[in-house]
Amino acid sequence: MSSLRLRPHPTAAPLTTVAEVVEWFGAMQAQDMASGMWSLGVRLPGSTHADVHAALERRQALRTWPMRGTIHLVPSRDARWMLELTGVRALAGAARRREFLGLSEADADRAADVLGELLAGGGRLTRTECVAALTEAGIDGAGQRAYHLLWYAAQRGVTCIAPNVGTEQTFALLDEWAPGQHQPDRDEALATLALRYFRSHGPTTRQDFAGWTGLTATDAKRAIAAAGDALATVRVDGVEAVLPTPLLDAPRTAVDDVLTLPGFDEYLLGYKDRTLMLDPEHKQAIIPGGNGVFQSTVVVGGRVVGTWKRSLARTRVTMAVQPLVDLAPARREQVDQALTRYADFLALPPRVTWP
């Protein structure tokens, strides 16, 4: 069943655009932009980095901090209700962080106002330009203060992260970058979030859903109930799990494909128990030190069998593979082909190395 977490279920139409991929997931972790771009590219065969960037410029999705204080790609018109539904606990806990940074709530509110006025009328500024503007307004952005203030403005729904200029984040007003925000009532919002999570991550538990969204256990249970007959409960290895109802009658087809996924890909994120996809003995290789930094993975038939690292040069991308299990020559060739697809995504010649 782990292969269900890689692709739309058999009853779903193929996904062909950035907007469709992001909406299918509901949110895709994207604090590392290179990882986020390949998470999209690997699910859109034949696409390039330039294609995905252009789709983001067309506002098919945007980045903000909807959950767990972490940047995600979200459907553009759903950004505000997601911030309001899942971001409230992060805002409630921000006072302690501000105290540590030597900031007051008034400082944070003033920074949001300054950015709101500066960006009004279609403005778009890089992170460096935003920090400079705050400094000019007399707001100290030294150290981690700038990050907190930029996060706070986005968490309140004043700004959002627009596509990068080069390697630097840019910011715009949320309501100008993505006008016409959808405004569901609370139960509809909860149901939507539950359906999107379980169709892209399921079968998995209610506790994993709560952990992924940052919702309380009560709200997580309410969300699943609000989704009604669209979700069903099953038992996986003796544990109660939730999945989209159409999957109950979907044909069981063997999956034997080879994929090379980025480190912060939703395939491994959002779970406490990853044994459906990853042998416990390999966890240390994927999350060294348990510090939350995931390595890029090689996945065969839904199981993680290796890691890989990229090294970018102007004229080439080198990808070093580290297998976690013995791979036959034919499998190694398939891994090489999958990594060549990544090089094609970057429009660079590939070089693949093995130990």
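Just so you know, all these numbers are worked out from the coordinates, no wet-lab data involved. Everything numeric here is computed off the predicted structure, so don't read it as measured data. Glycine also receives a Cβ, built like all others from the backbone with ideal geometry; neighbour counts cover every protein chain displayed.
Quote the charge dipole size of segment 47-95 about the Cα centre in Debye, to the nearest 20; the model charges only the Cβ of Lys and Arg (+1) and of Asp and Glu (-1). Don't skip to the end; give the middle numbers.
On the way: 7 positive and 4 negative charges, 23 e Å.
With only Lys, Arg, Asp and Glu charged at Cβ, the dipole is about 120 debye.
Have a look at Ala285, Tyr267, Ala328 and report the one farthest towards the positive end of the charge dipole of segment 256-337, computed about the Cα centre with Cβ charges (Lys/Arg +1, Asp/Glu -1).
The listed residue farthest towards the positive side: Ala285.
Over segment 205-329, what is the relative contact order in whole percent, taking alpha-carbon pairs under 8 Å and six or more residues apart? Mind dumping the intermediate values first?
On the way: 148 pairs, mean separation 22.2, N = 125.
So the answer I get is 18 percent.
Straight-line reach only, C-alpha to C-alpha below 30 angstrom: list the lysines that Lys309 could link to, leaving out same-chain residues fewer than 8 apart.
Within the straight-line cut-off, Lys309 pairs with Lys272, Lys283.
Quick one: go through segment 196-211 and flag any residue whose amide nitrogen is under 11 Å from the point 7 Å out along the Cα-to-Cβ line of Ala250.
199-203
Please report how far the C-alpha centroid of segment 326-349 lies from that of segment 190-241, rounded to the nearest whole angstrom.
35
Please list, in order along segment 194-201, the HN-Hα scalar couplings obtained from phi with the Karplus expression 6.51 cos²θ - 1.76 cosθ + 1.60 (θ = phi - 60°), rounded to whole Hz, x for Gly and Pro.
The phi angles translate into 5, 4, 5, 5, 6, 6, 9, 10 Hz.
Take each of the peptides 77-89, 138-150, average the number of other beta-carbon atoms within 10 Å over its residues, and list them starting from the highest. Don't skip to the end; give the middle numbers.
Details: 77-89: 20.9, 138-150: 16.8.
Order by mean packing, descending: 77-89, 138-150.
Can you tell me the length gained on complete extension of the stretch Gln144 to Asp32, counting 0.36 nm per residue apart and subtracting the Cα distance? Please list the in-between numbers first.
Numbers: separation 112, 0.36 × 112 = 40.32 nm, distance 1.77 nm.
Length difference between fully extended and current span is 38.5 nm.
So what is the diffusion coefficient of segment 134-270 in µm² per second by Stokes-Einstein at 25 °C and 0.890 mPa s, using a Kirkwood Rh over Cα pairs?
Numbers: Rh = 18.3 Å.
Translational diffusion coefficient: 134 µm²/s.
On full extension of the chain, what length is gained from Glu240 through His182, given 0.36 nm per residue of separation minus the C-alpha to C-alpha distance?
Values: separation 58, 0.36 × 58 = 20.88 nm, distance 3.25 nm.
Taking 0.36 nm per residue and subtracting the Cα distance, the gain is 17.6 nm.
For the chain, give me the percentage of DSSP beta bridges that are antiparallel, rounded to the nearest 5 percent.
Working: 38 of 42 bridges.
Taking every DSSP beta bridge within the chain, about 90 percent pair in antiparallel fashion.
Assign unit charges at the C-beta atoms only (+1 for Lys and Arg, -1 for Asp and Glu), then state the dipole size of segment 15-99 relative to its Cα centre in Debye, rounded to the nearest 20. Present the calculation step by step, with values, prior to reporting the outcome.
Working: 11 positive and 8 negative charges, 78 e Å.
Around 380 debye, computed over segment 15-99.
When the chain is fully extended, how far beyond the present Cα-Cα distance does Asp257 get from Glu129, taking 0.36 nm per residue of separation? Can you show the working numbers first?
Numbers: separation 128, 0.36 × 128 = 46.08 nm, distance 4.45 nm.
Once the chain is fully extended between Asp257 and Glu129, it gains 41.6 nm.
Karplus couplings for segment 172-178 from phi (6.51 cos²θ - 1.76 cosθ + 1.60, θ = phi - 60°), rounded to Hz, Gly and Pro as x?
So the J values, rounded to whole Hz, are 9, 6, 4, 5, 8, 6, 9.
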